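What follows is one structure encoded as structure tokens, with my remarks underneath.
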Amino acid sequence: MTALQLVWFKRDLRVHDHEPLARAASEGPVHCLYVIEPSLWQAPDSSSAQLAFVLESLRELDRDLRRHGLWLDVQIGEAVEVLAALRARVAIAALWSHQETGNALSFARDRAVAAFCREHGIVWQEFRQHGVVRCLPSRDDWSARWLALMQQSVWRLPAQPQSALAAEVSPLLTQPTVAILRNVSTAGDDKPARQRGGRRAAENVLTSFWRSRLLRYRSGLSSPLTAASSCSRLSSYLAHGVLSLRAVVQGTWALQAELAADPRPGAAHALRQLQAFEERLHWHCHFIQKLESEWQIEQRPVHQGFIGLREAAFDPHRFACWQRGETGLPLVDACMRYLAHTGWLNFRMRAMLVSVASYQLWLHWPPLAQHLAREFLDYEPGIHYPQIQMQSGVTGINVIRLYDPIKQARDQDPQGQFVRRWLPALRRVPDSFLFEPWRMPVSLQQRCGVRIGSDFPAPVVDPGQSLIAARERMYAWRQQVNGSAESARVLEQHGSRWRQRRDVDSRRKRDEQETPHGQLSLQGL
């Protein structure tokens, strides 16, 4: 039997712009594998909602592969065990996959797979799918490397007879994919209003953003009232690799070129929105690079001078109230309940949730990170942990961000529409007390049909006093670590290079005038 080219799908659930798949198909018969790994899906940062999204994406991936004469072999088990069972039945010429910047468990898994491949003489070919650079020697030329990857042509399966692509494998390996997927339980904490998985849903979201929702991007991304329709909503599809980041970036560049040449008055406005969106695509990889360069920051602060800041003061009751959306702070509780229902929340409100938990409630960041990892459908470890640490103030190189939840409510939900929708107990509370309902006189509480402390919780802390106390603590601690060798190390290893980024942007604009980025259309993405 001909040795097969084994393509291992992980967080790259697509056929389009899949370099390992395209390269493997040019070498010989291909066998496509996805492993549902119990150790990863039972970990404290995983949820049934995420698994349900992945299963939906796998079903579409299988259908897409079959159009190319391939199919998806879905196995349940630990990766090395599955590979060993596969090797016992068929010859494996090579293992092909994308690099993954995941959590500590996936990192340990990859090391075990690498050892297995070395032991059995299997060449493991790994390829970049984001702007992340493995074993990066210095941040100094990172933006140039990001740009170079994004400018490369997208990968497509080679044109050859369909029968030449699929590997002939033992019947023991040809279990019906759909049957396996149906037997995987996702009962539990699935989200009633989460996004659906799969490339078709992803393409619809991308197309609607580029064609209409883009126009409200910058003005609507901060408020929970408007963000769901104004933001791109691509984060879940990028996190699980349903869409290729490079294809999205190149499509964004192509649309920018169209808008720049469009004389109509609205084109300039749309172009500014698109440029703001492109900037966030760059930051996507900037943050993942932090975890790739220092995987330990999933478990310890980026700046080790902040070890001991909050650990001893952790209050389980405050943490439980924050998790359940019962802090008594209306916008905080409304956001947490919205997140539990949808699996998504806009960035400013995510930052507020972490800030309030870290400062007003003075909670240590790892439990916050694990809870939100389960709640976010778009959980991307490389973005998640650096962002949580940045918002909780333990990186040592970022501005301390203290969010006042009352001010945020007045700024982002001035008429209280969002709060009233997700906190029905407060629907009759007048605007003047809505964001501080504990200040209502008892007589007004009776007229509104809500008793603070019974129908709606009293605040677990005084938001104003706790904010003042947190600010004093943080600045006192930061004075101790400022100027230390550890601060210099963190800045060198993880700090952005803004001047270089501007230079790269200018060079990219010149390159675009000389070499078009291909004939990509909205329909092609």
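What the table below lists for this structure:
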quantity: The range 396-456, dipole about Cα centre (Lys/Arg Cβ +1, Asp/Glu Cβ -1), debye to the nearest 20; calculated: 180
quantity: Selection from Gln99, Leu72, Leu21, by position along the positive dipole direction of the range 5-136 (Cβ); calculated: Leu21
quantity: Gyration tensor (alpha-carbon) shape descriptor, the range 276-401, a/c threshold 1.5; calculated: oblate
quantity: Per residue, the convex hull volume that the Cα atoms of the range 333-390 enclose (Å³); calculated: 73
quantity: Rounded to 5, percent antiparallel among DSSP beta bridges of the chain; calculated: 0
quantity: Rg [Å, one decimal], Dmax [Å, integer] - the range 1-40, C-alpha atoms; calculated: 11.4, 33
quantity: The range 1-56-the range 452-487 distance, computed between alpha-carbon centres (Å); calculated: 43
quantity: Gyration tensor verdict on the range 377-424 (Cα atoms; rounded if a/c is under 1.5, prolate if a/b is larger than b/c, oblate otherwise); calculated: oblate
quantity: Square roots of five times the Cα gyration tensor eigenvalues for the chain, Å; calculated: 41, 27, 25
quantity: Per-selection metrics, the range 337-428 (Cα): Rg and Dmax in Å; calculated: 13.8, 44
quantity: For the range 341-491, the spread of Cα positions along each principal axis, largest first, Å; calculated: 60, 35, 25
quantity: Size of electric dipole in the chain: Cβ of Lys, Arg +1 and of Asp, Glu -1, about Cα centre, debye, nearest 20; calculated: 1240
quantity: List Ile307, Ile383, ordered by accessible area with a 1.4 Å probe, largest first; calculated: Ile307, Ile383
quantity: Charge dipole of the chain about the Cα centre (unit charges at C-beta), most positive-ward option of Trp253, Ile307, Ile397; calculated: Trp253
quantity: Estimated FRET transfer efficiency (Ala267, Gln417; beta-carbon r; R0 41 Å; 0.05); calculated: 0.80
quantity: Cα-based shape type of the range 39-129, given that a ≥ b ≥ c are square roots of the gyration tensor eigenvalues and the cut on a/c is 1.5; calculated: oblate
quantity: The chain: angle of helix 381-392 to the longest principal axis, Cα-based, in degrees nearest 10; calculated: 20
quantity: Cross-link reach list, aspartates and glutamates versus Lys191, counting only Cα pairs under 12 Å and skipping chain neighbours closer than eight places; calculated: Glu375
quantity: Cα centre as origin, Lys/Arg/Asp/Glu Cβ charges: the range 1-98 dipole, Debye; calculated: 280
quantity: Stokes-Einstein D (µm²/s) once Rh is taken as the Kirkwood radius of the range 191-329 over alpha-carbon pairs, at 10 °C in 1.306 mPa s; calculated: 88
quantity: Nearest 10 degrees, 0 to 90: helix 265-293 Cα axis against the chain principal axis; calculated: 80
quantity: Amide H within-cut-off set for Phe127, under 5 Å, with H built and near neighbours excluded; calculated: Ser97, His98, Gln99
quantity: Mean Cβ neighbour count within 10 Å, used as a protection proxy, ranking 192-199, 116-123, 97-104 highest first; calculated: 97-104, 192-199, 116-123
quantity: Length gained when the stretch Asp462-Ala104 is fully extended (0.36 nm per residue, less Cα-Cα span); calculated: 125.2 nm
quantity: Folded to 0 to 90 degrees: helix 498-514 orientation relative to the chain principal axis, Cα; calculated: 50
quantity: Extension gain from Tyr475 to Ala193, taking 0.36 nm per residue of separation minus the Cα-Cα distance; calculated: 97.5 nm
quantity: Around Cys117: net Lys/Arg minus Asp/Glu count, Cβ-Cβ under 13 Å; calculated: +1
quantity: Rough spin-label spacing in nm, given labels placed 7 Å along Cα→Cβ, for Ala313 and Arg128; calculated: 4.2
quantity: Relative contact order (percent, whole number), the chain, Cα cutoff 8 Å, 6+ residue spacing; calculated: 19
quantity: Per residue accessible area in Å² of the chain, where ligands, DNA and RNA are left out and the probe is 1.4 Å; calculated: 42
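The values are calculated or read from the model by the stated rules, or taken from the named source; none is laboratory data. Predicted, not measured: the structure shown is a model, and the values here were computed from it. Positions of Cβ are backbone-derived with ideal geometry, glycine not excepted, and every protein chain shown enters the neighbour counts. All accessible areas refer to the heavy atoms of the entire protein, side chains included, with ligands and DNA or RNA removed. Shrake-Rupley method; radii C 1.70, N 1.55, O 1.52, S 1.80 Å.
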